[in-house]
C-alpha cells in the first residue's frame with residue numbers, strides 16, 4: 001500500500017530510522033540499502049568530499065496523479081508490530097506475512113473489521129537500536145506463580161482500568177487472558193524499568209531480519225514512540241557556490257596555472273573575446289584542469305586586481321569558510337542559475353545618529369537572489385545526540401557497498417549580513433561579556449547536547465556565536481512579518497569564527513537568513529525585497545526594538561537558566577525562540593542581553609538602541 005510523503009520529508013523529519021504516523025498507522029523508514037539503485041542523483045562535490053561519499057541521491061519520487069508500482073517509492077516498515085483493537089482491546093503481533101496490498105491491519109474478532117492501531121510504547125537504546133517492548137514478559141513479570149511465568153501464550157489485551165481516577169499510566173494495563181496475569185504501565189518509562197524484567201537490547205532495527213542483529217549489552221529504555229529522544233538525525237548542508245577556485249586558490253595546481261605565461265596573457269584578454277575560450281581550454285589541457293576551474297581562477301584574479309575580491313582565504317574542504325568567502329566577494333554572476341548575489345548599502349540618504357551607529361556595526365549586506373542548498377542525512381542517534389561512535393549510518397551494515405547518502409536539492413533566496421570585525425573584537429574582549437559566556441560554556445560542557453552543538457560552535461564557545469545566533473533569531477521573527485513567508489520557511493546559517501580553531505581559518509562574523517524549499521515557496525522574492533535599502537535598516541531596528549522588551553520580562557531578561565541544561569539565558573518563546581526547523585542549533589545558546597545589553601553587560605547593538613531612544617525623545621520634545 002502506498003502512502004504519500006513529500007520528498008523533502010525523507011531527510012527531516014521522516015528520514016531513515018524515523019517513525020512516520022499516517023492515518024492511524026505507524027511506520028519507520030528503512031535504510032538506504034533497501035532503496036536499490038533508484039533515486040535521482042544530486043551534485044555537490046564540496047559536500048561529498050567533506051562527508052567522504054561518492055554522490056547523493058534524492059528519494060525516488062512519484063507524481064501525485066500517476067499510478068506507480070508499490071516498490072517505486074521509499075521503503076517503510078510497519079512499527080511497532082504490536083497492535084491492538086480499540087473495540088475489543090485484543091493485542092496482535094503483526095508480521096510482514098500478514099500484510100495485504102492496499103489494506104490496513106484489521107481485527108479478525110470484531111464485526112466490521114476494525115482497524116488495528118499501534119501500541120504507544122517502544123524501546124530504544126543508546127546505540128541506536130529500536131524494537132517492540134516484550135509485552136508478554138512485562139505482563140507476567142508481577143505474577144508470583146511459577147506456572148504463570150512460564151505461560152507461552154500471546155493472548156494479551158490492552159485495557160483501561162476503571163476506578164483509578166486521574167487517568168495516569170496506572171489506569172492502563174496489559175492482561176493475559178490465558179493465565180490472568182496483568183500489570184499496569186505505571187513506571188514503564190522510568191530508568192531501569194525494562195532492566196527489572198531482565199530485558200536486553202535485541203541489537204537491530206525494526207525492518208531488519210533476525211539474522212542481521214548485532215550483539216548489544218545495553219539496557220533499553222521504554223519511551224513513547226513520539227518522544228523527542230527517539231530520533232536525532234545528523235543532517236549536513238552546503239550552500240552551493242559557483243567559483244571552484246576560491247577554495248584552493250593557493251594549491252599546487254592553482255599556483256602552477258597562475259605561473260603559466262598563457263595565464264598572464266589571459267589577464268589582458270576580455271571575457272567576450274573570440275580567443276578567450278580557446279586559451280582557457282588550452283591552459284586546462286596543459287595542467288589537467290577543467291575549463292570551469294581555469295575560468296574561475298582567471299575571474300577571481302581579475303577581481304583581486306580590480307580591488308573587488310575579498311582578502312578572506314578559504315580552507316579547502318571547510319564548507320563555511322568557502323561560503324563566507326563567496327558571499328564577501330563581489331562577482332559578476334548574473335547568469336548563474338544557482339548562486340546570484342549582489343552587494344547593497346545598508347543605509348541610504350542623509351545619515352542620522354541612529355543609522356550611523358548601525359552602519360558602524362554592520363559591515364556588509366549581500367542579497368542572494370538565488371541560492372541552491374544541498375541537505376544530506378548521514379545517520380541518526382537515539383536517546384541522546386552522542387558522538388560518531390554511536391552514530392547509526394543510513395546504510396547500516398551496508399555502508400561499504402552503499403557509497404552515497406540521501407539528500408534533497410532545494411533552491412531559494414537570502415539576506416547575508418556581516419558585522420564589523422574591529423568593533424566586534426573590542427566587544428568580545430569585555431570582561432563582563434566573557435564572564436557571561438564562560439558560565440554558558442561550563443553548562444555546555446556538562447550537557448548531553450554538547451557533541452551536537454560543538455559541531456556548530458567549534459571547540460570553544462565564543463561570544464560572537466551567541467550574539468550572531470540570537471541576532472539571527474530576532475531577524476527571522478521580524479522578517480516573518482515583513483517578507484510574506486511563514487516563520488517556519490525561514491532558516492539561519494551562522495558564520496562565527498574567532499580564529500580559535502586548529503585550522504587557523506580566518507575570522508568570521510555573519511548570518512545568512514534564507515528560505516530554501518523544494519517548491520515555489522523558495523523563490524517568491526519577498527525575502528530579498530526586504531533586504532533592499534532602506535527596508536533592511538528599518539527591519540533591523542525593529543527587531544532590536546522587539547528584543548528590548550519581552551512579555552515575560554523581567555523574568556526572561558534576568559534569568560540565567562532556560563531550556564534543558566540551562567543552555568539559554570535571556571531567551572524565551574515570547575521574544576527569541578523560533579521553529580526547530582529554522583534553527584541550526586535546536587534553539588540553544590541564545591541570549592538577547594548580548595544584543596541589547598543591560599546594567600552589567602554591554603550589548604553589541606546597545607549604542608544603536610540608545611541613539612534610537614534619544615532620537616525618539618527629541619521627536620516628542622519637538623512636538
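What follows draws every value from the coordinates through simple rules; no lab data is involved. Remember, predicted model here, so these are calculated numbers, not experimental data. Every residue, glycine among them, receives a Cβ derived from its backbone with ideal geometry; neighbour counts consider all protein chains shown.
Look at where the Cα atoms of region 141-218 and of region 327-391 average out, and the two centres are 51 Å apart. The label point for residue 529 and the one for residue 599, both projected 7 Å from the Cα toward the Cβ, are 4.5 nm apart.
For the chain, the relative contact order works out to 12 percent when only alpha carbon pairs closer than 8 Å and six or more residues apart are counted. Between the beta carbons of residue 229 and residue 195, assuming R0 = 22 Å, the FRET efficiency works out to 0.80 to the nearest 0.05.
Along its first, second and third principal axes, ordered by size, region 375-505 spans 52, 40, 29 Å in Cα coordinates.
Can you work out the FRET efficiency for the pair residue 397 and residue 580, with r the C-beta to C-beta distance and R0 = 25 Å, to the nearest 0.05?
Values: r = 30 Å, r/R0 = 1.22.
Step by step, r from the Cβ atoms, then E = 0.25.
Size of region 431-473: Rg and Dmax of its alpha carbons, in Å, are 10.3, 28.
Using the Kirkwood radius over C-alpha pairs as Rh, can you work out the diffusion coefficient of region 246-617 via Stokes-Einstein at 20 °C, viscosity 1.002 mPa s, in µm² per second? Write out the running numbers ahead of the final one.
Values: Rh = 22.5 Å.
Stokes-Einstein gives a translational diffusion coefficient of 95 µm²/s.
I need the shape label for region 88-154. Rule: rounded when a/c is under 1.5, else prolate if a/b > b/c, else oblate, with a, b, c from the alpha carbon gyration tensor.
Working: a/c = 2.53, a/b = 1.33, b/c = 1.91.
Oblate.
Label-to-label distance, residue 441 versus residue 209, with points set 7 angstrom from Cα along the beta-carbon direction: 5.3 nm.
Let a ≥ b ≥ c be the square roots of the eigenvalues of the Cα gyration tensor of region 92-240; is it rounded (a/c under 1.5), or, if not, prolate (a/b larger than b/c) or oblate?
Details: a/c = 1.59, a/b = 1.31, b/c = 1.21.
Because a/c hits 1.5 or more and a/b exceeds b/c, region 92-240 counts as prolate.
Note on the chain: Cα-only Rg and Dmax are 28.7, 95 Å.
Our summary gives region 313-443 a relative contact order of 24 percent, counting only alpha carbon pairs under 8 angstrom and 6 or more residues apart.
Give me the extension gain from residue 285 to residue 154: residue separation times 0.36 nm, minus the current Cα-Cα distance, reported in nm with one decimal. If you can, show how the numbers build up before the last one.
Values: separation 131, 0.36 × 131 = 47.16 nm, distance 7.19 nm.
Length gained, residue 285 through residue 154: 40.0 nm.
Show that you can apply the helix-only estimate: for the chain, add -39,500 (n - 2.57) for every DSSP H stretch of four or more residues, divide by all residues, and state [θ] at 222 nm to the nearest 500. Walk me through the numbers before you get to the answer.
Working: 18 runs with 176 residues, N = 623.
Theoretical 222 nm ellipticity from helices: -8000 deg cm²/dmol.
Extending 7 Å from Cα along the Cβ direction at residue 106 and again at residue 542 yields two label points whose distance is 5.5 nm. Could you tell me which of rounded, prolate or oblate describes region 372-411, using a ≥ b ≥ c as the square roots of the eigenvalues of the alpha-carbon gyration tensor, with rounded for a/c under 1.5 and, failing that, prolate when a/b is larger than b/c and oblate otherwise? Oblate shape, in that a/c is at least 1.5 and b/c is the bigger or equal ratio.
Given their separation in residues at 0.36 nm each and the Cα-Cα distance between them, residue 142 and residue 40 gain 31.4 nm when the chain is fully extended.
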